[in-house]
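> Next up is a structure, given as structure tokens.
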Amino acid sequence: MTRTAEETLKRSALAVAMLSSFLTPFMASSINVALPSIAEEFSLDAVLESWVATSYLLAAAVFLVPFGRIGDIKGRKKTFVYGIWIFTISSVLCALAPDAGLLLFFRIMQGFGSAMIFGTGIAILTSVYPLKERGKALGLAVAITYLGLSVGPFIGGVMTGLFGWRTIFLVGVPVGAAAVYAANRLSGDWAEAKGESFDTKGSVIYAVSLTAVIIGFSLLPDYFGASVSIVGLAGILLFIWWELRQRHPVLDMRLFRDNRTFAFSNVAALINYSATFAVGFLMSLYLQYVKGMSPESAGIVLVAQPVVMAVFSPVAGRLSDVIEPQIIATVGMTISAIGLVLLALLTAGSPLWFIVFSLAFLGFGFALFSSPNTNAIMSSVERKAYGVASASVGTMRLIGQVLSLGIATLFIALFVGSVEITSAVSEEFLKSFNLAFVAFATLCFVGIFASLARGKVRKGAARA
């Protein structure tokens, strides 16, 4: 391949990763601001309101690992393009949903498409960029993720206030079309596990078990919820046992058993997302129900966290090419924990400057953690495992996001109950809000030790 062709391929791969990295977090963060408006239109209680966000994440988490493996076998580009089409079409259907039931169904469709995107986008980028340039490229992809998170609350708040929440979903149409165009310019398909079999039974065990864990967790503190979660955890153990005995597993558990860097980097990612993702959800409710802000004003305040992420993620990515990722990611995890403590201190009378500072401080910590941690994971495996490694990154993110929303919903259910959240229950909501952030901060402090335990990155990837 000539140098010009190689640079064109890199630019196209980066465009694919960045467009897809923008689309899904934009949708997630913009919908957080719109949740009160959706709940009002469909008369949703607090638990169902949270499921508008959770249903999408659950579907994405359940299908991500299987589609990562399918991408390795059938072609990452092909899988990615199908995923973008499904995501875009389901976004339009969400905008047209006549009731809450169909909205949740179309959100599940969005998650299905997202799984195909998450499982292949970063893998394509890693396949194209050599090891010495990978951190910089991943840093840019992570930065665009935070750009999506940054503009999501603001644009979502403005669109909800001026045109209604349904218009938010239509933003995905032009971005999805641009992603398809960029993907079609890629000259390869990267089916580096072509010819290997697909583990259908393992995929079914994984999907059913993970669904049970997450749905059961969302039903806590009810005893039925605890029982479903326990059954799901037993299923996860069965999945691990099954995968260790397969020649071509859907998720190679030997990577977790034999690769210390891969294992602990994934654990650190799971903990970090579990501790931080619900910040947007809780802060949106806090700003609108406790502080009395409009959706537009709340969106502007929430921009503080992801803007800082977008600015510093490329810097952290470049640093991880020359400094051990373990060091940068651990510092980031520590700063994130302190930021969560600051948010746990918020009251009804907290000044706006302190709220913005706390969000920005948390964003700085997450920026230092995320791209170096992703670089550590992707650089510790061989080329043919890029799809699985990319899927593991996405899976840890999505499971962490779902668990984060589950923890937030659990505290709301304990103190507010299954009623519609309004200013009348703002005092009860604030109690659940503060305790949820105490739990998140504690979880993040535990994550510091997981980040330290990974050791130095094992460079398992090819130096092509």
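> Using the 10 angstrom Cβ neighbour count as an exposure proxy, how do THR24, THR167, THR79, THR120 rank, fewest first?
Working: THR24 26, THR167 16, THR79 29, THR120 36.
With the sparsest Cβ surroundings first, the list reads THR167, THR24, THR79, THR120.
> Sticking with this structure for a sec: Report, to one decimal in Å, the Kirkwood hydrodynamic radius for region 306-384 based on all distinct Cα pairs. Don't jump to the answer; show the numbers that get you there.
On the way: mean 1/r = 0.0754 Å⁻¹.
With all distinct Cα pairs of region 306-384 included, I get 13.3 Å.
> So if the hydrodynamic radius of the chain is defined as the Kirkwood radius over C-alpha pairs, what does Stokes-Einstein give as its diffusion coefficient at 20 °C and 1.002 mPa s, in µm² per second?
On the way: Rh = 21.8 Å.
In µm²/s, the coefficient is 98.
> Fewest to most neighbouring Cβ within 10 Å: what's the order for LEU238, LEU57, LEU210?
Numbers: LEU238 15, LEU57 27, LEU210 24.
Ordered from fewest to most neighbouring Cβ atoms within 10 Å, LEU238, LEU57, LEU210 come out as LEU238, LEU210, LEU57.
> To continue, here is another question. Helix 386-415: angle to the longest alpha-carbon principal axis of the chain, degrees 0 to 90, nearest 10?
Computed tilt is about 10 degrees.
> Treating only the Cβ atoms of Lys and Arg (+1) and Asp and Glu (-1) as charged, compute the dipole magnitude of region 56-180 about its Cα centre; round to the nearest 20 debye. Each step should come with its number before you reach the end.
Numbers: 10 positive and 3 negative charges, 84 e Å.
Computed about the Cα centre, the dipole is about 400 debye.
> Past 31 Å, Cα to Cα: identify those pairs from LYS136/LYS291; LYS74/LYS132; LYS136/LYS431, in the order given.
Numbers: LYS136/LYS291 40 Å; LYS74/LYS132 28 Å; LYS136/LYS431 42 Å.
Those over the limit are LYS136/LYS291; LYS136/LYS431.
> Right, another one. What are the principal axis extents of the Cα atoms in region 209-353, in Å, biggest first?
On the principal axes, region 209-353 reaches 56, 49, 24 Å in Cα extent.
> Within straight cross-link reach of LYS78, meaning Cα distance under 15 Å, which aspartates and glutamates are found once same-chain residues fewer than 8 apart are removed?
Cross-link targets: ASP189, GLU192.
> Could you put GLU382, GLU296 in order, starting from the residue whose Cβ has the fewest other Cβ atoms within 10 Å? The partial results should precede the final answer.
On the way: GLU382 12, GLU296 17.
Starting with the residue having the fewest Cβ neighbours, the order is GLU382, GLU296.
> Can you spot the aspartates and glutamates whose alpha carbon is less than 13 Å from LYS194's alpha carbon? Ignore those fewer than 8 places along the same chain.
ASP72
> For the chain, find the longest principal axis of its Cα atoms and tell me its angle to the long axis of helix 3-42, 0 to 90°, nearest 10.
That helix lies at roughly 20 degrees to the long axis.
> Which whole-number percent is the relative contact order of the chain (Cα, under 8 Å, 6+ apart)? All intermediate terms of the calculation are to be shown ahead of the outcome.
Details: 930 pairs, mean separation 114.0, N = 464.
Computed over the chain, the figure is 25 percent.
> What are the extents of the Cα atoms of region 192-291 along their three principal axes, in Å, largest first?
57, 32, 24
> If we restrict to alpha carbons, what Rg and Dmax does region 200-245 come to, in Å?
11.0, 36
> Now a separate question. Which of ALA408, ALA123, VAL425 sits farthest toward the positive end of the charge dipole of the chain, with +1 on the Cβ of Lys and Arg and -1 on the Cβ of Asp and Glu?
It is ALA123.
> Now for a different question. Can you tell me the 0 to 90 degree angle between the C-alpha axis of helix 304-322 and the longest principal axis of the chain, rounded to 10?
Here the helix axis deviates by roughly 20 degrees.
No lab work stands behind these numbers, since they all come straight from the coordinates. Just so it is clear, the structure is predicted and the values come from calculations on it, not from any experiment. Cβ coordinates were reconstructed from backbone atoms using ideal geometry, including for glycine residues, and neighbour counts include every protein chain displayed.
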